[in-house]
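Report on the structure given below.
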């Protein structure tokens, strides 16, 4: 059960010494990019499943409804707003923060056209679940690289450090909050949305635990 009660981002032999490192080791950079790619493919699987978008997308839909902005613009503005919450949390930007947006977007763009579009609801749910697990694994890889988290993951790690709660619980609280706010603003939900809200926290915790475990086994 300790898999789901990880309380900090592990540091392993290939982790960067600090987030503000723009000349990381090749291995660290490769693992960071691999993790972000896996994350992006997982996100694309969730989108292609048709079972429902992530809570943050639901929130962006809600913002779009009340402002008239496109969902893309609403997502961008939301990401910028989240970065302001980093200031009181003393969270640091890094190479990973920049590459997060670039690589995940590219991974979604290139993988989405090649992913299956399930015909039955049961297969939609299975594909959404698999996508969430990949997002957890990708998060474990890129966060342990310690080159800076993306805006939303930075909010998670910052709040975890301040509260000392397990990563899974902090992430679940964030996702459920955004789901509720998005719903209030007029965003649309699906079973996949609820699966993500309650499942991505444990998935990220499991990803962190697995990456830490196998990294230490190999040294």
Please work out which one of (1) assigned to a helix (DSSP H, G or I); (2) touching a helix residue (DSSP H, G or I) at 6+ places or on another chain (Cβ under 6 Å) is the condition residue 129 fails and give its number. (2)
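Each row is one residue, and each column tells you yes or no for (1) surrounded by 15 or more Cβ atoms within 10 Å (Cβ to Cβ); (2) assigned to a helix (DSSP H, G or I); (3) on the phi > 0 side of the Ramachandran plot.
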position: 61; (1), (2), (3): yes, yes, no
position: 64; (1), (2), (3): yes, yes, no
position: 73; (1), (2), (3): no, yes, no
position: 88; (1), (2), (3): no, yes, no
position: 93; (1), (2), (3): yes, no, no
position: 100; (1), (2), (3): yes, yes, no
position: 103; (1), (2), (3): yes, yes, no
Select from region 107-125 the residues that are surrounded by 14 or more Cβ atoms within 10 Å (Cβ to Cβ), part of a helix (DSSP H, G or I) and modelled with pLDDT of 90 or more and write down the one among them that is nearest to the chain's Cα centre (by Cα). 107
Here is a list: 204, 200. Which entry is under 26 Å from residue 17 (Cα atoms), surrounded by 23 or more Cβ atoms within 10 Å (Cβ to Cβ), modelled with pLDDT of 95 or more and under 14 Å from the mean Cα position of the chain (by Cα)? 204
Unique residue being free of Cβ contacts under 8 Å to residues at least 60 places away in the same chain and not in a helix (DSSP H, G or I) when the list is 14, 69: 69
Residue, surrounded by the most Cβ atoms within 10 Å (Cβ to Cβ), within region 147-165, restricted to residues that are within 10 Å of residue 9 (Cβ to Cβ) and out of contact with any helix residue (DSSP H, G or I) (no Cβ under 6 Å at 6 or more places or on another chain): 153
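Here's the yes/no breakdown for (1) out of contact with any helix residue (DSSP H, G or I) (no Cβ under 7 Å at 6 or more places or on another chain); (2) touching a residue at least 40 places away in the same chain (Cβ under 8 Å); (3) within 21 Å of residue 121 (Cα to Cα):
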position: 47; (1), (2), (3): no, yes, yes
position: 50; (1), (2), (3): no, yes, yes
position: 53; (1), (2), (3): no, yes, yes
position: 59; (1), (2), (3): no, yes, no
position: 63; (1), (2), (3): no, yes, no
position: 73; (1), (2), (3): yes, no, no
position: 79; (1), (2), (3): no, yes, no
position: 84; (1), (2), (3): yes, no, no
position: 89; (1), (2), (3): no, yes, no
Looking at region 78-86, is at least one residue farther than 20 Å from residue 160 by Cα and surrounded by 14 or more Cβ atoms within 10 Å (Cβ to Cβ)? yes
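Condition check: surrounded by 18 or more Cβ atoms within 10 Å (Cβ to Cβ) and outside any loop (DSSP other than H, G, I, E, B). Does residue 6 satisfy that? Break it down stepwise before answering.
On the way: surrounded by 18 or more Cβ atoms within 10 Å (Cβ to Cβ): yes; outside any loop (DSSP other than H, G, I, E, B): no.
It is false that residue 6 is surrounded by 18 or more Cβ atoms within 10 Å (Cβ to Cβ) and outside any loop (DSSP other than H, G, I, E, B).
The values are calculated or read from the model by the stated rules, or taken from the named source; none is laboratory data. Nothing here was measured: the structure is a model prediction, and the numbers come from that model. Using ideal geometry, Cβ is built from the backbone for each residue, glycine included, and neighbour counts are taken over all protein chains shown.
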